[in-house]
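Below is one structure; the comments refer to it alone.
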Amino acid sequence: MIVDCGIYRDGRRTEGPADFSDALDEARATGDAFVWIGLHEPTEKEFDLVSSEFGLHPLAVEDALRAHQRPKLEIYDDSLFVVVKPVVYAHESDAVSTGELMLFMGDSFVVTVRHGEGAPLAAVRRRLEAEPEVLRHGPTAVLYAVSDAVVDHYIDVAAELQVDLEELETLVFAPSGSGDSKNTAERIYTFKRQVLEFRRATGPLGAPMARLAGAGVPFVDQGSQPFFRDVNDHLTRANEQVEGLDRLLSDILSAHLAQMGVRQNDDMRKISAWAAMAAVPTMVAGIYGMNFDHMPELHWVWTYPVVIVSMVCAVVGLHRLFKRRGWL
């Protein structure tokens with residue numbers, strides 16, 4: 001559905017026709033205005049009206065309707081098509097989710113299409129309307145503001161994930177028995193999937209931002225390169241943070257698996273030690289339980305207590321030996 005439709009002239013929102021077709025004609029007639037239309041998960045029928053009026057390329061329209069696109073920048077004859085993926089961090093579940101935001105730019109118009117709940121368009125529109133000196137740059141100002149808001153939020157989400165990672169490190173490297181490590185491997189794997197989802201949003205956006213930071217992109221104000229360079233710098237920092245999180249998670253998972261291996265070896269040593277101590281009396285009892293006729297010691301008076309004491313001494317000696325070696 002169409003969330004908002006506004007005409008902006010000289011950096012300020014003005015009253016205009018309610019119909020976006022008439023609004024576009026008026027903006028193009030004056031030459032110093034543009035129309036900004038915002039849509040949220042439009043149906044094919046709803047978007048057909050917009051695409052036919054603004055002359056949007058059918059391939060870009062198909063991408064905008066289907067969503068599930070990688071961040072990208074595509075140039076067509078009559079418009080510029082940009083896809084970014086906002087990221088949302090849910091504090092209740094410590095989970096990362098992504099939305100999609102498509103932006104069409106052309107002669108005196110901007111069309112934004114939002115999928116999911118992670119696109120900060122309402123806040124961006126309010127911020128721009130409060131800064132007419134920025135909004136005077138036309139559709140380029142909208143593209144810059146949207147990109148800047150999305151990338152800045154990447155850094156905020158990366159900071160939240162860093163806190164979660166530190167908690168996970170504490171859990172993994174806690175002394176044995178001091179914490180619940182039953183599902184630690186599962187938590188690490190789930191966290192790694194969230195970082196991967198985050199990386200899918202930030203990584204591919206580097207090429208479009210670098211292109212916008214350069215010159216020669218149609219429908220983009222030529223004086224806007226410094227602003228897009230700033231956005232690209234922030235995106236580079238976000239990508240470095242995400243890569244650092246991914247590397248640390250891999251190291252934590254390896255450390256956890258190594259710890260599990262060490263604990264299993266400790267358990268096996270303990271089992272082996274107890275089995276060895278049980279084997280000595282079992283062996284002695286087995287020997288004297290074979291009922292051979294020629295076993296002179298069976299007729300001695302002190303045979304039974306001597307054998308029992310010998311077995312106890314052997315077991316105690318083995319216990320002390322294994323204790324010194326750290327097997328028990």
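Bear in mind these aren't lab numbers, they're just calculated from the coordinates by the rules spelled out. Every value quoted in this text rests on a predicted model; they were computed, and no experiment measured them. When we count neighbours, we look across all protein chains shown, and the Cβ atoms used for this are built from the backbone with ideal geometry, even at glycine.
When you check residue 160 against the structure, is it closer than 27 Å to residue 255 by Cβ, in contact with a Phe, Trp or Tyr (Cβ under 9 Å, 6 or more places away or on another chain), surrounded by fewer than 17 Cβ atoms within 10 Å (Cβ to Cβ) and not hydrophobic (A, V, I, L, M, F, W, C), yes or no? When the stated conditions are applied, residue 160 passes them. I'd like to know if segment 271-285 contains one or more residues that are of a type in the set (Gly, Ala, Ser) and closer than 27 Å to residue 188 by Cβ. There is no residue in segment 271-285 that is of a type in the set (Gly, Ala, Ser) and closer than 27 Å to residue 188 by Cβ. Counting only residues that are more than 13 Å from residue 71 (Cβ to Cβ) and surrounded by 21 or more Cβ atoms within 10 Å (Cβ to Cβ), segment 219-241 holds 3 of them.
Within segment 198-218, residues that are surrounded by 22 or more Cβ atoms within 10 Å (Cβ to Cβ) sit with their Cβ atoms under 9 Å from residues that are among the hydrophobic types (A, V, I, L, M, F, W, C) and in a loop (DSSP other than H, G, I, E, B), at 6+ positions apart or across chains, in these pairs: 212/220.
Residue count for segment 277-311 satisfying the condition of being out of contact with any Asp or Glu (no Cβ under 8 Å at 6 or more places or on another chain), part of a helix (DSSP H, G or I) and among the polar types (S, T, N, Q): 2. Looking across segment 283-305 at every residue that is among the β-branched types (Val, Ile, Thr) and surrounded by 12 or more Cβ atoms within 10 Å (Cβ to Cβ), the one that is farthest from the chain's Cα centre (by Cα) is identified as 303.
When segment 186-197 is filtered for residues that are touching a Leu at 6+ places or on another chain (Cβ under 7 Å) and buried (at least 18 other Cβ atoms within 10 Å of the Cβ), the ones remaining, listed by number, are 187, 188, 191, 195. If you go through segment 115-140 and keep only what is in contact with a helix residue (DSSP H, G or I) (Cβ under 6 Å, 6 or more places away or on another chain) and touching a residue at least 24 places away in the same chain (Cβ under 8 Å), you end up with 120, 124, 134, 135, 140. Residues 269, 263: which one is of a type in the set (D, E, K, R), surrounded by 15 or more Cβ atoms within 10 Å (Cβ to Cβ) and part of a helix (DSSP H, G or I)? Just a single option satisfies the conditions, and that option is 269. Among the residues of segment 239-258, are any hydroxyl-bearing (Ser, Thr, Tyr) and under 26 Å from the mean Cα position of the chain (by Cα)? Looking for residues that are hydroxyl-bearing (Ser, Thr, Tyr) and under 26 Å from the mean Cα position of the chain (by Cα), one finds at least one in segment 239-258, hence yes.
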